[in-house]
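Worksheet: the structure to be examined is printed underneath.
The values are calculated or read from the model by the stated rules, or taken from the named source; none is laboratory data. What you are looking at is a predicted structure, and each value in this text was computed from that prediction instead of being measured. Don't worry about glycine lacking a Cβ; one is built from the backbone with ideal geometry, like all the others, and counts go over all protein chains shown. The accessibility values were calculated without ligands, DNA or RNA, using every heavy atom of the protein model including side chains. Shrake-Rupley method; radii C 1.70, N 1.55, O 1.52, S 1.80 Å.
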Amino acid sequence: MRILEPVNKLRALPSEERQQDFAPIEEATAPEPKGKPAPLRIIAPTKLSLPNFIEDINDAKLEMIYIPGGEFLMGSNDYDYDYDGDGYDDDDDNDDDDHDDEKPRHNVKLSPFFIGKYQITQAQLKKVMGVNLSYWEGDSLPVENVSWNGAVRFCETISKQTGKTYRLPTEAEWEYACRAGATTKYCFGDDMKSLGDYAWYYENSNGKSHPVGQKNPDAWGLFDMHGNVWEWRQDWYEKNYYSQSPSENPEGPSSGTSRALRGGSWGGNHFICRAANRGDFPPGGLDRHIGFRVVCIARTS
């Protein structure tokens, strides 16, 4: 498990405290590789009208943004741990902190999907599930202190109510949505001095989460893709998965001990909040750094 927060390290709570583990979850099997990747064709956001929609569930409005299918370069080969932003590797002992789980950078092709404009809020969780165990209370604050099991149960509940397929994003879907056509460290470029315009993170968060949607969005119109709270991914986490993952719609390994996290949080520094950065945590664990957003599968017919 590695999430590299400079303060308030994540922790797994005892089972009796996991009040949001609503039901057992059946695991999906990752697809087999489908041959050589197609030539790279990055799809960047346009100003064309897209079929975004708002899902109204028990007065919990979920704003969903359409992400067209396309190809992008996932991961990073520039994985030196430059913790303080001075351009030098601050941890050259060749251990796990060197972030070699981000390599090799590779071509990925994805089908279209919808993704939440915002991280799931406490108001939405209460209206759908009737519970909220977040450390900081506030209807417009992102949900945190929620397990992977609880996040998946939320998706299952709204899927049954709407007849659509909701789930957590895969790592590939999340990074594609976060980058929004960019090939840089962040959705807006490489300059970490601009991160505060897009993210609540260690330097500006005052040690807590903040209401969703207060910072600049990425080019798709998605908010808080960097910082605020870590987001659960559908995938099991495996350090060396990129060296063997399928080039089309990768779903992560078929089994594991921890689930992938993306995006960084209010407690992470500029390095943690990069688009390529990967984290992981036990699926039954709760922590005030971790929340989630949802994906809805786009129908092709």
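Working only within region 222-240, note down all residues that are among the hydrophobic types (A, V, I, L, M, F, W, C), part of a loop (DSSP other than H, G, I, E, B) and touching a helix residue (DSSP H, G or I) at 6+ places or on another chain (Cβ under 8 Å).
First pass over region 222-240, keeping only residues among the hydrophobic types (A, V, I, L, M, F, W, C): 222-223, 225, 229-230, 232, 236.
Then keep just the ones that are part of a loop (DSSP other than H, G, I, E, B); that gives 222-223, 225, 229.
Within region 222-240, Leu222, Met225 qualify.
Residue-by-condition table, conditions (1) touching a strand residue (DSSP E or B) at 6+ places or on another chain (Cβ under 6 Å); (2) more than 25 Å from Ala151 (Cα to Cα); (3) acidic (Asp, Glu):
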{"residue": "Asn204", "(1), (2), (3)": "no, yes, no"}
{"residue": "Lys208", "(1), (2), (3)": "no, no, no"}
{"residue": "Glu238", "(1), (2), (3)": "no, no, yes"}
{"residue": "Pro250", "(1), (2), (3)": "no, no, no"}
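With the structure loaded, tell me whether Ala151 is more than 24 Å from Ala60 (Cα to Cα) and buried (at least 18 other Cβ atoms within 10 Å of the Cβ) or whether it fails that test. Spell out how you get there, then give the answer.
Numbers: more than 24 Å from Ala60 (Cα to Cα): no; buried (at least 18 other Cβ atoms within 10 Å of the Cβ): yes.
No: the conditions fail for Ala151.
Given (1) more than 11 Å from the chain's Cα centre (by Cα); (2) open to solvent by 10 Å² or more (accessible area, probe 1.4 Å), identify the lone condition not met by Gln234.
Only one criterion is unmet by Gln234, namely (1).
Based on this model, can you work out whether Glu175 counts as in contact (Cβ under 8 Å) with a residue 24 or more places away in the chain and either in contact with a Leu (Cβ under 9 Å, 6 or more places away or on another chain) or at positive phi (or both)?
Judged against the criteria, Glu175 is not a match.
For Gly268, are the conditions met, namely being open to solvent by less than 20 Å² (accessible area, probe 1.4 Å), in contact with a strand residue (DSSP E or B) (Cβ under 6 Å, 6 or more places away or on another chain) and in contact (Cβ under 8 Å) with a residue 40 or more places away in the chain?
Details: open to solvent by less than 20 Å² (accessible area, probe 1.4 Å): yes; in contact with a strand residue (DSSP E or B) (Cβ under 6 Å, 6 or more places away or on another chain): no; in contact (Cβ under 8 Å) with a residue 40 or more places away in the chain: yes.
It is false that Gly268 is open to solvent by less than 20 Å² (accessible area, probe 1.4 Å), in contact with a strand residue (DSSP E or B) (Cβ under 6 Å, 6 or more places away or on another chain) and in contact (Cβ under 8 Å) with a residue 40 or more places away in the chain.
So is Trp200 over 27 Å from Lys103 (Cβ atoms) and surrounded by 21 or more Cβ atoms within 10 Å (Cβ to Cβ) or not?
yes
Go through region 165-197 residue by residue and tally those that are open to solvent by less than 20 Å² (accessible area, probe 1.4 Å) and β-branched (Val, Ile, Thr).
Selection size over region 165-197: 1.
With (1) surrounded by fewer than 23 Cβ atoms within 10 Å (Cβ to Cβ); (2) out of contact with any strand residue (DSSP E or B) (no Cβ under 7 Å at 6 or more places or on another chain) as the list, and Thr162 as the residue in question, which single condition is left unmet?
Result: Thr162 passes all but (2).
Just to verify a result, which residue in region 279-301, among those that are β-branched (Val, Ile, Thr) and either touching a Gly at 6+ places or on another chain (Cβ under 8 Å) or open to solvent by 10 Å² or more (accessible area, probe 1.4 Å) (or both), is modelled with the lowest pLDDT?
Taking region 279-301 first, the residues β-branched (Val, Ile, Thr) are 290, 294-295, 297, 300.
Next, only the ones that are either touching a Gly at 6+ places or on another chain (Cβ under 8 Å) or open to solvent by 10 Å² or more (accessible area, probe 1.4 Å) (or both) stay: 294-295, 297, 300.
Numbers: Val294: 98, Val295: 98, Ile297: 93, Thr300: 56.
Selected residue: Thr300.
Can you tell me which residue is nearest to Phe72 (Cα to Cα) among those in region 128-172 that are free of Cβ contacts under 8 Å to residues at least 24 places away in the same chain and charged (D, E, K, R)? Even if it seems obvious, please write down each step before you answer.
So in region 128-172, the residues free of Cβ contacts under 8 Å to residues at least 24 places away in the same chain come out as 130, 132, 137, 139, 159-160, 163.
Checking the rest, the ones that are also charged (D, E, K, R) come to 137, 139, 160.
Values: Glu137: 37, Asp139: 35, Lys160: 32 Å.
Here the answer is Lys160.
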